[in-house]
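None of the figures in this text is laboratory data; all of them are computed from the coordinates on show. Everything quoted here is computed from the prediction, not taken from an experiment. Heads up, the Cβs are rebuilt from the backbone with ideal geometry, glycines too, and the neighbour counts pull from every protein chain shown.
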Amino acid sequence: MICCKECLDLLYDYIEGSLDQETTDSLEEHFQDCPPCISFMKTYKSTTTICRDTLNQVEVPDAVREALLKVLKENKEHPGEN
Amino acid sequence: MSFTQPKEDKKLEEALVREFQGGNLEAYDKIADIYQKKIYGLSFNLTRNQMDAQDVTQEVLLTLFRKIHTFQGKSAFSSWVYRITLNASYMKLRSKKKEPNVSIDELMPSFNGAGFQQEKIQDWSENTESLLFTNETRDVINKAIDLLPEKEKVVFLLRDVEGLSTEKAGEILDLTVPAVKSRLHRARLFLRKKLSSYFEEFSSRKVEK
Ligand SMILES: [Zn+2]
């Protein structure tokens, strides 16, 4: 049976679905006997989701959008001046 | 908002780039429009500063305008834009604070001699819903990401936040696929650990009530 360390080393590929069948089986066998590793796997996955959802909320503020538009417009009319 | 591109988008974008290279300024406006939010988002997440993100976005959009003739099409256009964005963001970071000295290794999982988990692992993955998007949670996440060493941070932002493929992140950062994977894995382990203390504390607060 694989140990927790090996289990965590395989997590990345397990989540990507890129492990071969045999390795997947031994990993899942480990999960059955090891609730901490299941919790670890779930929170590992959650970490990505939570961070992605939070960081993707960044919007360009209106003031910034307007300032950028102005600069780009000036640049098109007089390239190379700023 | 992510850089995972369906095929048609990519085709359209390539056409826009060629038109702009041929002198069509309307094509440039469209390109700037498509990329503005992506450039701003990535540079904001790297610099964590609105002024810096604005400067970077302006600089990148102007660079696209001036240097479009140097784009050869050897890699994807978006990869080129990303590289310029990262370089401009790094310039901002360099001119400022020193990276915090956190050893990422200290936050890696620990095992006993037989290779079994040493610490108690709580499953908080089901309890995040009510916390998500609160200011407190946002702060915790932003602080955790700020603590990531730059190498791991940029891989995390490109792969997990922007949603790029491992191969594409490797192309942009000039890293092999295994190197991207290992940095991303370390970043996730580090962030998981950081977020765990927060969410676990929150669950215990809830139990007490
Ligand atoms: Zn285990």
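Suppose we filter B:Ser130, B:Ser103 for residues that are of a type in the set (Gly, Ala, Ser) and within 19 Å of A:Thr43 (Cβ to Cβ); which single one remains?
Result: B:Ser130 is the single residue among B:Ser130, B:Ser103 that is of a type in the set (Gly, Ala, Ser) and within 19 Å of A:Thr43 (Cβ to Cβ).
Any residue in the range B:120-129 that is among the β-branched types (Val, Ile, Thr) and over 18 Å from B:Ala53 (Cα atoms)?
For the range B:120-129, residues among the β-branched types (Val, Ile, Thr) and over 18 Å from B:Ala53 (Cα atoms): present.
Whether any residue in the range B:125-137 is crowded, with 17+ Cβ neighbours inside 10 Å and more than 23 Å from the chain's Cα centre (by Cα) is what I want to check.
no
Of all residues in the range B:162-172, count the ones that are surrounded by fewer than 23 Cβ atoms within 10 Å (Cβ to Cβ) and either in contact with a helix residue (DSSP H, G or I) (Cβ under 6 Å, 6 or more places away or on another chain) or without any contact (Cβ under 8 Å) to a residue 24 or more places away in the chain (or both).
4
Are there any pairs with C-beta distances below 7 angstrom linking a residue in the range B:62-73 that is within 13 Å of B:Ile31 (Cα to Cα) to a residue that is of a type in the set (A, V, I, L, M), with the two at least 6 apart or on different chains, and if so which?
Close Cβ pairs satisfying both conditions: B:Thr63/B:Ile84; B:Leu64/B:Ile31; B:Leu64/B:Val81.
With a cut-off of at least 1 residues that are within 16 Å of the ligand (Cβ to nearest atom) and either touching a Ser or Thr at 6+ places or on another chain (Cβ under 6 Å) or at the interface with chain B (Cβ under 8 Å from one of its Cβ atoms) (or both), name the helices (runs of 4 or more DSSP H) lying wholly within chain A.
Hits in chain A: A:4-16, A:35-55.
Pairs, please: C-beta under 6 Å, at least 6 apart or cross-chain, first residue facing chain A (nearest Cβ under 7 Å) and surrounded by fewer than 23 Cβ atoms within 10 Å (Cβ to Cβ) and in the range B:37-60, second part of a helix (DSSP H, G or I) and of a type in the set (Val, Ile, Thr)?
Matching pairs, first to second residue: B:Gln54/A:Val64; B:Gln58/A:Val71.
Taking the conditions exactly as written (part of a loop (DSSP other than H, G, I, E, B), within 17 Å of the chain's Cα centre (by Cα) and surrounded by 16 or more Cβ atoms within 10 Å (Cβ to Cβ)), does B:Leu86 satisfy them or not?
Spelling it out, it is not the case that B:Leu86 is part of a loop (DSSP other than H, G, I, E, B), within 17 Å of the chain's Cα centre (by Cα) and surrounded by 16 or more Cβ atoms within 10 Å (Cβ to Cβ).
Out of all the residues in the range B:106-160, which are among the hydrophobic types (A, V, I, L, M, F, W, C) and more than 10 Å from chain A (Cβ to nearest Cβ)?
Hits for the range B:106-160 are B:Leu107, B:Leu147, B:Leu148, B:Val154, B:Val155, B:Leu158.
When only residues in the range A:12-56 that are hydrophobic (A, V, I, L, M, F, W, C) and without any contact (Cβ under 8 Å) to a residue 24 or more places away in the chain count, which is farthest from B:Arg159 (Cα to Cα)?
Top of the filtered list is A:Ile38.
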